[in-house]
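The values are calculated or read from the model by the stated rules, or taken from the named source; none is laboratory data. Every value quoted in this text rests on a predicted model; they were computed, and no experiment measured them. When we count neighbours, we look across all protein chains shown, and the Cβ atoms used for this are built from the backbone with ideal geometry, even at glycine. Just the protein is used for accessible areas: all its heavy atoms, side chains included, with ligands, DNA and RNA removed. Shrake-Rupley method; radii C 1.70, N 1.55, O 1.52, S 1.80 Å.
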Amino acid sequence: MLANIIVKPGKIELREIKTPSPSHGEILVKIKVALTCGTDLKAFKRGHPIIPMPGVWGHEFSGIVADVGKGVKGFKKGDKIMAVHSAPCLECRYCKKRLYNLCEKIMDTKVLGAFAEYILLPSYILRQNVFHKPENLTFEEAAFLEPLSCVVHGMESLDIKTSVHALIIGAGSIGLLHLLLLKEKGVTVTVTDKHNNKLRIAKKLGADFVLKPEKIETKLIPPRPPLVKGGKGDFIGFDYVFECTGMSEVWEKSVNYVRKGGTVILFGGCKSGTTVTYDTGRLHYDEISLKGTFHYTPSDVKKAYKLLCEGRLGVSRLISGSYPLKQTQKAFNRLIKGVGIKYAIIP
Ligand SMILES: [Zn+2]
Ligand SMILES: [Zn+2]
């Protein structure tokens, strides 16, 4: 089969490799659509600790079951499926505490290689995180299961009410998925990003307000709490701030935008080893909560599946175009320039 190999940052090759055949409890999936993702982009730009190179890559996909191993129940050849690329071990110390997203093995046992003709899904993923694709969803929409699960996980513990006003920093694919989900919950949403074209997309997707970062910083901020001074009426700052850039300076600034007692959700992962500094007064006297969020549990995946099946989010609006497998590099070259949100790679 043909598979896309990331040789090193910036260099992708299409190679012929052996098509895997499914052992007991496994299925082989013919990829119909794979999506580019922020993590892939980071790997393409600078390398990534969880994407080994050289190696196959890509982890957001949907497809058709091409072959099944012995003992597989619930799936047969020809079934249209959607899935995520990992599942918890259910045995480690974190799994025992039901913190499945933090499973000690989940990152080592995840499967990469969606930018290819086929992908093999092992039994532990099949048992927990593979679903039948309903006919009302396109393969493109179905491939959103993985990123949407991440976003669902970040909001899971928040109990978001319709009366809140949230700020999303960064209008990339993850920021915009946050937007779609928050609008589905009936929340008022402001989106900030340095690219005008992304703000335009955010507006189209339903953002109530969009603004450039310098607008927040010069007009409304500081002194703290930032938006109180320059803000209009009784606006006291955002109830929630979703950091979706993965840049340390943005992590630091994000606490300036939240109201007293509010929560900052730190979604965008920074380069490993990065440190940040916070004003203790904001965290202590203003009772700001900082919440890190990583990956998802099988229950988040089920919620994301249900949300996609309901079909109201309109996730396909985040796809900026599609490329055949051999032109994957083109998609990443565009993403690196800030052109487009997410691309579909079609084998
Ligand atoms: Zn992803
Ligand atoms: Zn585990």
Within the range 276-326, the count of residues that are touching a residue at least 60 places away in the same chain (Cβ under 8 Å), open to solvent by 80 Å² or more (accessible area, probe 1.4 Å) and charged (D, E, K, R) comes to 4
Select from the range 112-153 the residues that are aliphatic (A, V, I, L, M) and within 16 Å of ligand 2 (Cβ to nearest atom) and list them in ascending order.
125
Name, by its number, the condition in (1) open to solvent by 30 Å² or more (accessible area, probe 1.4 Å); (2) touching a His at 6+ places or on another chain (Cβ under 8 Å) that does not hold for residue 54.
(2)
Restricting the first residue to the range 238-251 and requiring it to be β-branched (Val, Ile, Thr), which pairs with a second residue that is surrounded by 20 or more Cβ atoms within 10 Å (Cβ to Cβ) and assigned to a loop (DSSP other than H, G, I, E, B) meet a Cβ separation below 6 Å and a spacing of at least six or different chains?
241/257; 245/170; 245/268
Could you pull out the residue among 80, 161, 110 that is under 22 Å from residue 41 (Cβ atoms) and among the basic types (Lys, Arg)?
110
Residues that are within 16 Å of ligand 2 (Cβ to nearest atom), out of contact with any Cys (no Cβ under 7 Å at 6 or more places or on another chain) and closer than 21 Å to residue 107 by Cα: list the strands (runs of 3 or more DSSP E) wholly contained in the range 6-71 that include at least 1 such residues.
none
Test residue 106 against the criterion of being buried (at least 19 other Cβ atoms within 10 Å of the Cβ), in a loop (DSSP other than H, G, I, E, B) and within 16 Å of ligand 2 (Cβ to nearest atom), and give yes or no.
yes
Looking at the range 5-25, which of its residues are polar (S, T, N, Q) and open to solvent by 60 Å² or more (accessible area, probe 1.4 Å)?
21, 23
Can you list residue pairs whose Cβ atoms sit under 8 Å apart, with the first residue in the range 35-57 being closer than 12 Å to residue 4 by Cα and aromatic (Phe, Trp, Tyr) and the second being open to solvent by less than 20 Å² (accessible area, probe 1.4 Å) and assigned to a strand (DSSP E or B)? Count only pairs 6 or more apart in sequence or on different chains.
57/4; 57/5; 57/6; 57/51
Residue 345 being in contact with a strand residue (DSSP E or B) (Cβ under 7 Å, 6 or more places away or on another chain), open to solvent by less than 20 Å² (accessible area, probe 1.4 Å) and over 25 Å from residue 239 (Cα atoms)
yes
Identify all residues within the range 259-268 that are in contact (Cβ under 8 Å) with a residue 60 or more places away in the chain and not hydroxyl-bearing (Ser, Thr, Tyr); write none if there are none.
265, 267, 268
Out of all the residues in the range 26-34, is one or more surrounded by fewer than 21 Cβ atoms within 10 Å (Cβ to Cβ) and within 15 Å of ligand 1 (Cβ to nearest atom)?
no
Search result, residues across the range 79-98 that are assigned to a strand (DSSP E or B) and either open to solvent by 90 Å² or more (accessible area, probe 1.4 Å) or within 16 Å of ligand 1 (Cβ to nearest atom) (or both):
82, 83
List every residue pair whose Cβ atoms sit under 6 Å apart, with the two residues 6 or more apart in sequence or on different chains, where the first one lies in the range 99-115 and is without any contact (Cβ under 8 Å) to a residue 24 or more places away in the chain and the second, anywhere, is crowded, with 22+ Cβ neighbours inside 10 Å.
103/88
Set 273, 268: member being modelled with pLDDT under 95 and open to solvent by less than 50 Å² (accessible area, probe 1.4 Å):
268
